[in-house]
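Just below is one structure, and these are the notes that go with it.
Since every read-out is calculated from the coordinates, none of them should be taken as a lab result. As the structure is a prediction and not an experimental result, all values here were calculated from the model. Cβ placement follows ideal geometry from the backbone for every residue including glycine, while neighbour counts extend to all protein chains displayed.
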Amino acid sequence: MSIQSPFRELLDRMPVEVHEIDLLGSRTKYWVYGPADATTTIVVAHGYRGEHHGLEPVIAQLPDIRWIGPDMPGFGESTPMTEAPHSIEGYARWLTEFIGALGLDGTAIVLGHSFGSIISAHAVANGLRPPALILVNPIAISGLEGPNAFATKITVAFYRLAGRLPERLGLWMLRHWLIVHFVNVSLTKTKDKGLRAWIFREHHTYFNRFASRDLVVEAFEASISAHVSQFAAAIPMPTLLLAADLDDITPIEAVRDLRDAIPNASLTELDGVGHLIHYEVPERAADSIRRFLTRLETDGPG
């Protein structure tokens, strides 16, 4: 039975262009959604083992915005970097160069989800200056300190074992159906059967689109090596935090602390959802983004 995207019809109404650009040795592929003359442009940094499709449910709700969604190097249809490591620092440098190459430095808002929130925050702390920052399911504390310590230890051990085994066996482990299903069951909170089925299909379709075993392990180590709070004091621009009360990776209390640590931050807490805000409640996420953008227009960037 075919499982249809609940947001396909909305997305199909938006103009979409596909482009490529060479950055730090990566042939980076990116998608541009929405009108070319939009007054607001948002560049998206997706989550770990994700790619540009993941934020499409949110993008579909805001068709008057120009969205730019790249596959980060080594994921989706973008090739790995050869001139920088696949670390937080390396990805932050890539994001800064990507925005600069498109002539959007200082004009495009940056939206980072999960792993992308760390990359975005690092880039800002090192000089990237978007007019505003949006962090969805931000990683506010170390991934090693999340609320489910046992699952975290198992996950870390799993990735490190996969990285030490012969490459073919390690790759088989990382791409195994049960591993993707474990992620689905662990992170999905909705009880809606149709929505759960679609989320599961999305992960099984896109979660394994990475370039190599070594790259995905390297990026995993990056994902647990840093967190947004490390860069909080160096984020001067208006910042919207979109957090979930059932997030198994970052507890809501940690995001509240992050809000207090960022000089110009606001927090929207979404109840009944976990680490998949962009899949489970994209309409609510989009409403929060819309209100944030309206406040920016009213109050200015200061």
- Query: When a footprinting reagent is the concern and you count Cβ atoms within 10 Å, what order do Asp12, Asp247 take, fewest first?
  - Reply: Asp12, Asp247
- Item | Using θ = phi - 60° and Karplus 6.51 cos²θ - 1.76 cosθ + 1.60, couplings along the range 190-200 (whole Hz; Gly, Pro as x) | 4, 9, 5, 4, x, 5, 4, 4, 5, 4, 4
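Output the peptides 275-282, 127-134, 193-200 sorted from most to least packed, where packing is the average of other Cβ atoms within 10 Å over each peptide's residues. Before the final figure, lay out each step's value.
Details: 275-282: 24.9, 127-134: 20.0, 193-200: 15.2.
Averaged packing, sorted descending, gives the order 275-282, 127-134, 193-200.
Might you report the magnitude of the Cβ-based charge dipole of the range 179-302 about its Cα centre, with Lys and Arg at +1 and Asp and Glu at -1, to the nearest 20 debye?
Details: 13 positive and 18 negative charges, 86 e Å.
The dipole of the range 179-302 has a size of about 420 debye.
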- Task: Rounding to the nearest 20 debye, state how big the charge dipole of the chain is about its Cα centre with +1 on each Lys and Arg Cβ and -1 on each Asp and Glu Cβ.
- Result: 700
- What fraction of the DSSP beta bridges in the chain is antiparallel, stated in percent and rounded to the nearest 5? 40
- Using only Cα atoms, locate the centre of the range 109-131 and the centre of the range 139-164, then give the distance between them in Å, rounded to an integer. 23
- Query: What are the residues whose amide H is under 5 Å from the amide H of Arg27, where those residues sit 5 or more places off or on another chain and H is modelled from the backbone?
  - Reply: Thr79
- Task: Could you calculate the FRET efficiency of Asn148 with Asp245 from 1/(1 + (r/R0)^6), where r is the beta carbon distance between them and R0 is 22 Å, rounded to 0.05?
- Result: 0.90
- Message: Quick check: residue separation of His181 and Asp22 times 0.36 nm, minus the Cα distance between them. What number comes out in nm?
- Response: 53.8 nm
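How high is the relative contact order of the range 8-299, in percent, with contacts defined as C-alpha pairs under 8 Å that are six or more residues apart?
Numbers: 575 pairs, mean separation 58.6, N = 292.
Computed over the range 8-299, the figure is 20 percent.
Using the Cβ atoms and a cut-off under 13 Å, what net charge is assigned to the surroundings of Phe98, where Lys and Arg are +1 and Asp and Glu are -1? Provide the component values of the computation, followed by the final result.
Numbers: positive: Arg27, Lys29, Arg93; negative: Glu20, Asp22, Asp71, Glu97, Asp105.
Residues near Phe98 contribute -2 overall.
With runs of 4+ DSSP H residues as the only contributors, calculate the mean residue ellipticity of the chain at 222 nm using -39,500 (n - 2.57) per run, divided by the residue total and rounded to the nearest 500. Please list the in-between numbers first.
Numbers: 12 runs with 126 residues, N = 302.
Dividing the helical sum by the residues of the chain leaves -12500 deg cm²/dmol.
Where a ≥ b ≥ c are the square roots of the eigenvalues of the C-alpha gyration tensor, would you call the range 96-224 rounded, which needs a/c under 1.5, or, failing that, prolate if a/b is larger than b/c, or oblate?
Working: a/c = 1.81, a/b = 1.47, b/c = 1.23.
Cα axes put the range 96-224 in the prolate bin.
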- Query: Put +1 on the Cβ of every Lys and Arg and -1 on every Asp and Glu Cβ in the chain; which of Thr41, Gly103, Thr268 then has its Cα farthest towards the positive end of the dipole?
  - Reply: Thr268
- Most positive-pole-ward Cα, Leu165, Thr239, Ile65, against dipole of the chain from beta carbon charges: Leu165
- Item | Over 26 Å [Cα-Cα, the range 8-299], rounded percent | 39
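May I ask you to sort Trp172, Trp177 by Cβ crowding, counting other Cβ atoms within 10 Å and putting the fewest first?
Details: Trp172 13, Trp177 9.
Going from least to most buried by this count: Trp177, Trp172.
Starting with the fewest neighbours, write out His113, His122, His53 ranked by other beta-carbon atoms found within 10 Å of each beta-carbon.
Details: His113 28, His122 25, His53 19.
Least crowded to most crowded, the residues run His53, His122, His113.
Going highest first, how would you order 67-73, 180-186, 34-40 by mean Cβ packing within 10 Å? List each step's numbers first, then the result.
Working: 67-73: 25.6, 180-186: 15.6, 34-40: 13.1.
Highest to lowest by the protection proxy: 67-73, 180-186, 34-40.
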- Task: List, in order, the whole-Hz ³J(HN,Hα) value for each residue of the range 277-288 obtained from phi through the Karplus relation with A = 6.51, B = -1.76, C = 1.60 and θ = phi - 60°; use x for Gly and Pro.
- Result: 3, 5, 9, 7, 9, x, 5, 5, 4, 5, 4, 5
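For the peptides 139-152, 233-246, what is the packing order when you average, over each peptide's residues, the other Cβ atoms within 10 Å and list the highest mean first?
So the peptides 139-152, 233-246, ranked by packing, come out 233-246, 139-152.
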- Message: Could you derive backbone 3J(HN,Hα) for the range 21-30 from the dihedral phi with the Karplus parameters 6.51, -1.76 and 1.60 (θ = phi - 60°), listing whole Hz in sequence and x where the residue is Gly or Pro?
- Response: 8, 9, 9, 6, x, 9, 7, 8, 9, 9
- Query: Which net charge results for the neighbourhood of Leu144, defined as the other residues with beta-carbon distances under 12 angstrom from its beta-carbon, given Lys and Arg at +1 and Asp and Glu at -1?
  - Reply: -1
